[in-house]
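The values are calculated or read from the model by the stated rules, or taken from the named source; none is laboratory data. From a predicted model like this one, the values you see are computed outputs, not experimental measurements. All Cβ positions, even for glycine, are placed from backbone atoms using ideal geometry, and neighbour counts span all protein chains on display.
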Amino acid sequence: MKYVGIITAMTEELEAVKKIMEPEKERKAINGIDMLIGKICGVDCVVTICGAGKVNAARTTQILIDKFDIEYIINVGVAGALGYKLKVGDVVIGKKIVQHDFDITAFGHSKGYVPGVGNEIKSDGNLVEKFETAIDDLESRTYNVITGIVATGDIFVTEVAMKDKIASKFRADCVEMEGAAIAQICKLGDVPFIVIRSISDSPNGHNELDYNEYLKLASKRSANILKEYFEKEHEKLQTQES
């Protein structure tokens, strides 16, 4: 059976996704990682939580690919805004994913260049288009959605100077701690993927306070977009079967 893999990083993100799943679920622990198997709008999914950071994200992604027949992977959750136009609750569809903290410039490479991967990894174009369409169809939407660049690093960015540096160097729209690691494993394993992030804060010297306040709101926003996407996918499946 084919599954869609859904990876979250934080408990709040996972809980938001669980609320859009159908009631019947199966829980499995694989290598110490909880996997929740069930359906979202009739689509078979495996939902899991990787924990913060690139190593945790990469480990969980590889286990998911190894243990299940994964059709594609969606990384959904929250991020810090880099662009000043993005507000709390706005959404970034990650068309490109970069690692802002990967640095082998001493060997003549540009900042963010990863051997075997390059300077950036592109989300699956078909998934990007489908999410754009799903979000555009949300008539009650009161928040902004952009398709842009997600920057990943093993740093919870708080300094404005670092925020501006990442935004300028990578033309990135938001920053988080897992997406590029998931993207790298998927690229190397030839598994389609996409990263969807809702804004919980913006680095301003004390944005950990904003993060804690708006984490649940941003997590719920991401999960609602996920639900809208799966509703569209379910409609397509029913049309194909009829």
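One line per residue, one yes/no per condition, for (1) of a type outside the set (Val, Ile, Thr); (2) touching a helix residue (DSSP H, G or I) at 6+ places or on another chain (Cβ under 9 Å); (3) touching a residue at least 40 places away in the same chain (Cβ under 8 Å); (4) over 20 Å from THR60 (Cα atoms):
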position: ILE155; (1), (2), (3), (4): no, yes, yes, no
position: PHE170; (1), (2), (3), (4): yes, no, yes, yes
position: ILE182; (1), (2), (3), (4): no, yes, yes, no
position: ILE199; (1), (2), (3), (4): no, yes, yes, yes
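ASN75: closer than 23 Å to GLU228 by Cα and either surrounded by fewer than 23 Cβ atoms within 10 Å (Cβ to Cβ) or touching a residue at least 12 places away in the same chain (Cβ under 8 Å) (or both), yes or no? In short, yes.
Per-residue answers, yes or no, for (1) of a type in the set (Ser, Thr, Tyr); (2) touching a strand residue (DSSP E or B) at 6+ places or on another chain (Cβ under 6 Å):
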{"position": "LYS111", "(1), (2)": "no, no"}
{"position": "ILE135", "(1), (2)": "no, yes"}
{"position": "GLY148", "(1), (2)": "no, yes"}
{"position": "PHE156", "(1), (2)": "no, no"}
{"position": "VAL160", "(1), (2)": "no, no"}
{"position": "SER168", "(1), (2)": "yes, no"}
{"position": "ALA172", "(1), (2)": "no, yes"}
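What residue, among those in segment 14-48 that are at positive phi and touching a helix residue (DSSP H, G or I) at 6+ places or on another chain (Cβ under 6 Å), is surrounded by the most Cβ atoms within 10 Å (Cβ to Cβ)? Filtering first and then ranking leaves CYS41. For segment 85-142, the set of residues classified as over 29 Å from LYS227 (Cβ atoms) and either in contact (Cβ under 8 Å) with a residue 12 or more places away in the chain or touching a helix residue (DSSP H, G or I) at 6+ places or on another chain (Cβ under 6 Å) (or both) consists of GLN99, HIS100, ASP101, PHE102, LYS111, GLY112, VAL114, GLY116, VAL117, ASN119, listed by residue number. Checked against the criterion of being surrounded by fewer than 19 Cβ atoms within 10 Å (Cβ to Cβ), of a type in the set (Lys, Arg) and in a strand (DSSP E or B), segment 150-169 contains not a single residue that satisfies it. For segment 128-144, a residue qualifies if it is part of a helix (DSSP H, G or I) and either buried (at least 17 other Cβ atoms within 10 Å of the Cβ) or not hydroxyl-bearing (Ser, Thr, Tyr) (or both), and the qualifying residues are VAL128, GLU129, LYS130, PHE131, GLU132, ALA134, ILE135, ASP136.
Residues in segment 17-52 that are in a strand (DSSP E or B), without any contact (Cβ under 8 Å) to a residue 40 or more places away in the chain and of a type in the set (D, E, K, R): GLU26, ARG27, LYS28, ASP34, LYS39. Looking at segment 1-16, which of its residues are assigned to a helix (DSSP H, G or I) and touching a residue at least 60 places away in the same chain (Cβ under 8 Å)? Listed by number, the residues that qualify are GLU12, GLU13, GLU15, ALA16. Filtering segment 191-242 to residues that are assigned to a helix (DSSP H, G or I), of a type in the set (Ser, Thr, Tyr) and modelled with pLDDT of 75 or more leaves TYR214, SER219, SER222, TYR229.
Here segment 66-84 is the region considered, the condition is being part of a loop (DSSP other than H, G, I, E, B) and in contact with a helix residue (DSSP H, G or I) (Cβ under 7 Å, 6 or more places away or on another chain), and the residue that is modelled with the lowest pLDDT is GLY83. Checking each residue in segment 85-127 for being aliphatic (A, V, I, L, M), surrounded by fewer than 22 Cβ atoms within 10 Å (Cβ to Cβ) and part of a strand (DSSP E or B) picks out only VAL114.
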